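A.B. asks: Before I ask anything, here is the structure I am working with.
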Amino acid sequence: MKPAAALAACLILGGCAAGNRPSDTILPPPGYLTAREISSMAVLSIPAISSPAASDLALVHAVPPGTDRWWLATAHAELRPPEAAQHFDCLLDSRLTAHPRPALTRVMSRLLADAETLVQAMVPLTPVPPPKRPVALIAGLEPCQRLTPEARAASAWPAGGAIVAGAYGELFAALAPDRAEAARRMGREIAWSRAVCRVNRASDIEAGIDDGIRLFTRVSAQPEFKVELEAARAEVAAARAEGLTHPSCAAERRALRQWSAPVPVRPAAG
């Protein structure tokens, strides 16, 4: 992986706790968007940073370490394809990683590359002083994955994991239109897992989800993406027809009953 891409992956995953995998030596495919398009999105994403309200940090004690939802949040930290596709297995009644899905992996990889580039473009625009992560604001608070001292002290914004999750939610909604609502909901769960893990605040998460949705909207207008999406959609349909299910679905349902992401509040039409 190129140094810049590796840095972005660290920002998104919250400290590179998992270490390198053999596949990290293979250069990922480029994203769908140009640097100019990404830069214009980054400028529009700058937040108004203020001191965190109590509601912004309320989640840090709502999901205790060692609970089912805590472990699900830990699993959600894996955002790299093809492994990340399994987060959508249960809602699709499939096992997407049971066999190679090259078209799906390619679309997810290119979307992830665009998200990484967007994070890199946003980082220099971080307000001063930067917003602190919950684990840096509250003494004794531990995250659900290992963080380096640098990652612990890093800005809570941008929430790279939430950006990726928001984009993935839209992608799987497009791949399986009959399960679109459930796919978007899972995207939110994956994003909010970063708050469960105590590395982002609620406002960081919601801003990241919105950025991920905007990113996907830009990507979905690209002719090349439309062609590759059709190939990935065929693979997802084939995976659903295989009749395989993921063995962890019962645990996932139990975890989401324990705590699930809040429903977004959108302005009323008109």
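A.B. asks: Can you list residues whose amide H is under 5 Å from Lys132's amide H, if they're 5+ apart or on another chain and H is modeled 1.01 Å from N?
C.D. replies: Ala156
A.B. asks: For the stretch 131-144, in order, what is each residue's ³J(HN,Hα) by Karplus, 6.51 cos²θ - 1.76 cosθ + 1.60 with θ = phi - 60°, in whole Hz (x at glycine and Pro)?
C.D. replies: x, 8, 5, x, 5, 8, 7, 10, 4, x, 6, 10, x, 8
A.B. asks: Further question: Run through all the Cα pairs of the stretch 145-200 and give the fraction in each 5 Å bin from 0, expressed as whole percent.
C.D. replies: Once binned at 5 Å, the Cα pair distances of the stretch 145-200 give 5, 21, 23, 18, 13, 9, 7, 3, 1.
A.B. asks: Short version: ³J(HN,Hα) in whole Hz for each residue of the stretch 164-179, in order, from phi by Karplus 6.51 cos²θ - 1.76 cosθ + 1.60 (θ = phi - 60°), x for Gly and Pro, what are they?
C.D. replies: For the stretch 164-179, the Karplus-derived couplings read 4, 5, x, 5, 5, x, 5, 4, 6, 5, 6, 6, 9, x, 6, 10 Hz, x marking Gly and Pro.
A.B. asks: Would you work out the charge dipole size for the chain about its Cα centre, treating the Cβ of every Lys and Arg as +1 and the Cβ of every Asp and Glu as -1, and quote it to the nearest 20 debye?
C.D. replies: That gives a dipole near 300 debye.
A.B. asks: A further question on this structure: By accessible area of protein heavy atoms, probe 1.4 Å, what ranking do Ser55, Ser45 get, highest first?
C.D. replies: Largest to smallest exposure gives the sequence Ser55, Ser45.
A.B. asks: How large is the accessible surface per residue of the chain, computed with a 1.4 Å probe and reported in Å² as a whole number?
C.D. replies: With all protein chains present, the chain gives 46 Å² per residue.
A.B. asks: In the chain, with Lys and Arg counted as +1 and Asp and Glu as -1 at Cβ, which of these residues, Thr67, Pro29, Ser193, has the Cα nearest the positive end of the dipole, that is, farthest along it?
C.D. replies: Going by the charge dipole, the pick is Thr67.
A.B. asks: What is the percent carbon and sulfur in the accessible area of the chain, measuring with a 1.4 Å probe over the protein chains and ignoring ligands?
C.D. replies: The value for the chain is 61 percent carbon and sulfur by accessible area.
A.B. asks: Would you please state which residues of the stretch 176-211 a label at Ala237 would reach in this model, taking the label point 7 Å out along Cα→Cβ and a backbone N cut-off of under 13 Å?
C.D. replies: Within reach of a label on Ala237: 176-178.
A.B. asks: So how strong a dipole does the stretch 98-211 carry about its Cα centre when Lys and Arg Cβ are +1 and Asp and Glu Cβ are -1, to the nearest 20 debye?
C.D. replies: Charge dipole, the stretch 98-211, about its Cα centre: 300 debye, nearest 20.
A.B. asks: Express in whole angstrom the spacing between the alpha-carbon centres of the stretch 53-117 and the stretch 131-160.
C.D. replies: Result: 19 Å between the Cα centres.
A.B. asks: As an exercise, use a Förster radius of 25 Å and the Cβ-Cβ distance of Glu150 and Ser40 to find the FRET efficiency, rounded to the nearest 0.05.
C.D. replies: 0.30
The values are calculated or read from the model by the stated rules, or taken from the named source; none is laboratory data. Given the structure is predicted, the values throughout are model-derived calculations rather than measurements. Quick reminder, even Gly has a Cβ in these numbers, built from the backbone with ideal geometry, and neighbours come from all protein chains shown. Side chains are part of the model used for accessible areas, which takes the heavy atoms of the whole protein and leaves out ligands, DNA and RNA. Shrake-Rupley method; radii C 1.70, N 1.55, O 1.52, S 1.80 Å.
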